[in-house]
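S.K.: This is the structure I want to talk about, given as structure tokens.
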Amino acid sequence: MTATPPARTWSGRFDEPVDERVKRYTASVDFDRRLAPHDIRGSLAHARMLSEAGVISTSDLADIERGMALISSEIERGEFVWSLDAEDVHLNIERRLTDLVGDAGKRLHTGRSRNDQVATDVRLFLRDALDDIVQLIDGLQSSLVEQASRHAETLMPGFTHLQVAQPVTFGHHLLAYFEMFERDRSRLVDCRRRLDVLPLGSAALAGTSYPIRRERVAELLGFAAVSENSLDAVSDRDFAIEFCAAAAISMMHLSRLSEELVLWMSPAFGFIRLPDRFCTGSSIMPQKKNPDVPELARGKTGRAYGNLMTLLTLMKGQPLAYNKDNQEDKEPLFDSVDTLADTLAIFASMMAGLTVNAPRMLAALRDGHATATDLADLLVKRGMPFRDAHEAVARAVRAADDHGCELAALPAAVMAEFAGDAGPEVLAVLQAAGSAASRNLRGGTAPAQVRAQVERASALLKARLT
Ligand code: ARG
């Protein structure tokens, strides 16, 4: 064993200690300690390869493994002493390792730099996070499919411009979100595929002269490939940007869903109820039950956008290769991971617990003359040019509003002025259920189509579980 190294691992050529404020300014340990398990994993793989390649001895490897096991348990138990003097997660761990096992700890960094080390850690972290998030999306999708199957026939107004447009089924509406999350999922899976590349071996920027075996490290860490260019590997963070972009898009979808939940839950709509455990009351107005979770999700979407913008801006002015700017990649990335993961997890159980007020949905449909298009279509089928039919029905809607009733309740004589007659055929097409059922083509709102889509979606989710 030799003496403990100087407080700062690189301080040999410096004449004076670093300014206290600068020390705090440049340190990242307060946030990058979250990378510790990945840092240790990467170091163990590197050490194993070094010993296999004869660069360090097998007894050095044994010391490093023993020391790292101790460090892991210190960190898990919350007993590890993180020090600002050691700047970041990498130097904190290396210093403790050297305290514990001496020279072997000082040999660990052979053929490596913090530049390729941190690039590796962040990729390992994000790869694990992506695996969790993809599963969380599956969970949310399952809740949506379950509700859709329950509500394949539940009628509600479909909206354009937030004005009642045509009848749709609630199941159809929910499955629209299934599709959005399906695309989000595929973006994340794609991002994982591109980041699954090992930077270690790039060292500071140019590679290393030690006879290391990068493929062996990739194998030990489960990376699909090794990076092809050391300058690129230590400097680019496009994989983190790509994740933050995918996360921003997914949060945007969650925010749209949130907006609908907030609207649907307002007494003016009264379409749904969310379980009490996802709502809060008002401290002053006793009647209130507020949809805090969707409101917060809508609000938190802003941070996901901000994180993306932060990373894009962080990267854009950097010359090759590594620059300290990159230390700023972590907080936005961690925040996007946490925001998306938490939101998905909560939405999965919230959507599973949502209940529907079907009579209110139906009443809104009637008030909005949602079947006006169906009447126009009937007139067209009877031979009237579409533009004339459109005009005739618009006048019928005006008359219904004047009478303060829905189209189907217009006095027969009045309806006959616009539709030629007010017989059973006319009354039939004005029924919301018939309107929805008639849109029976792939992608349409008919209950039969919703059931078919539920089948396809369930099969997809089931295949993912096995
Ligand atoms: N804490 C640094 C980061 O997060 C580690 C790499 C530092 N490398 C260096 N040469 N200063 O990027």
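The values are calculated or read from the model by the stated rules, or taken from the named source; none is laboratory data. Owing to the predicted nature of the structure, the values given are computational and were not obtained by experimental measurement. Neighbour counts are summed over all protein chains in view; Cβ atoms, including those assigned to glycine, are modelled from backbone coordinates with ideal geometry.
S.K.: Of all residues being assigned to a loop (DSSP other than H, G, I, E, B) and of a type in the set (Ser, Thr, Tyr) in region 246-293, which is modelled with the highest pLDDT? Just the residue, please.
M.R.: By that ranking, first place goes to Ser266.
S.K.: Being assigned to a helix (DSSP H, G or I) and closer than 30 Å to Cys279 by Cβ is true for just one of Ala437, Ala389, Ala400, Ala457. Which residue is that?
M.R.: Ala457
S.K.: Give the residue that is surrounded by the most Cβ atoms within 10 Å (Cβ to Cβ), with candidates limited to residues of region 30-43 that are within 12 Å of the ligand (Cβ to nearest atom) and under 12 Å from Arg114 (Cβ atoms).
M.R.: Asp39
S.K.: Within region 67-87, identify whether any single residue is crowded, with 22+ Cβ neighbours inside 10 Å and within 14 Å of the ligand (Cβ to nearest atom), and answer yes or no.
M.R.: There is at least one residue in region 67-87 that is crowded, with 22+ Cβ neighbours inside 10 Å and within 14 Å of the ligand (Cβ to nearest atom).
S.K.: Quickly run through region 264-276 and pick out the residues that are free of Cβ contacts under 8 Å to residues at least 24 places away in the same chain and surrounded by 11 or more Cβ atoms within 10 Å (Cβ to Cβ).
M.R.: Hits for region 264-276 are Trp264, Ser266.
S.K.: Okay, moving on. How about region 110-120: which of its residues are within 12 Å of the ligand (Cβ to nearest atom) and not acidic (Asp, Glu)?
M.R.: Of everything in region 110-120, those that are within 12 Å of the ligand (Cβ to nearest atom) and not acidic (Asp, Glu) turn out to be Arg112, Ser113, Arg114, Asn115, Gln117, Val118, Ala119, Thr120.
S.K.: Now for a different question. Under 21 Å from the mean Cα position of the chain (by Cα) and either away from the ligand (no atom under 16 Å from the Cβ) or surrounded by fewer than 22 Cβ atoms within 10 Å (Cβ to Cβ) (or both): which single residue out of Arg127, Arg123 fits that description?
M.R.: Testing whether each residue is under 21 Å from the mean Cα position of the chain (by Cα) and either away from the ligand (no atom under 16 Å from the Cβ) or surrounded by fewer than 22 Cβ atoms within 10 Å (Cβ to Cβ) (or both) leaves just Arg127.
S.K.: Looking only at region 210-241, which residues are more than 21 Å from Tyr322 (Cβ to Cβ), hydrophobic (A, V, I, L, M, F, W, C) and not in a helix (DSSP H, G or I)?
M.R.: Ala224
S.K.: Take the residues in region 202-217 that are out of contact with any Gly (no Cβ under 9 Å at 6 or more places or on another chain) and within 16 Å of the ligand (Cβ to nearest atom), then tell me which one is farthest from Asn229 (Cα to Cα).
M.R.: So, considering only residues that are out of contact with any Gly (no Cβ under 9 Å at 6 or more places or on another chain) and within 16 Å of the ligand (Cβ to nearest atom), the one farthest from Asn229 (Cα to Cα) is Ala204.
S.K.: Now, a different point. Does His46 satisfy the criteria of being within 13 Å of the ligand (Cβ to nearest atom) and within 30 Å of Leu320 (Cβ to Cβ)?
M.R.: No, not satisfied.
S.K.: Would you say Leu100 is under 26 Å from the mean Cα position of the chain (by Cα) and either within 14 Å of the ligand (Cβ to nearest atom) or part of a helix (DSSP H, G or I) (or both)?
M.R.: no
S.K.: Just name the residue that is nearest to Ala457 (Cα to Cα) out of those in region 159-181 that are surrounded by 21 or more Cβ atoms within 10 Å (Cβ to Cβ) and touching a Pro at 6+ places or on another chain (Cβ under 7 Å).
M.R.: Going through the qualifying residues, I end up with Thr169.
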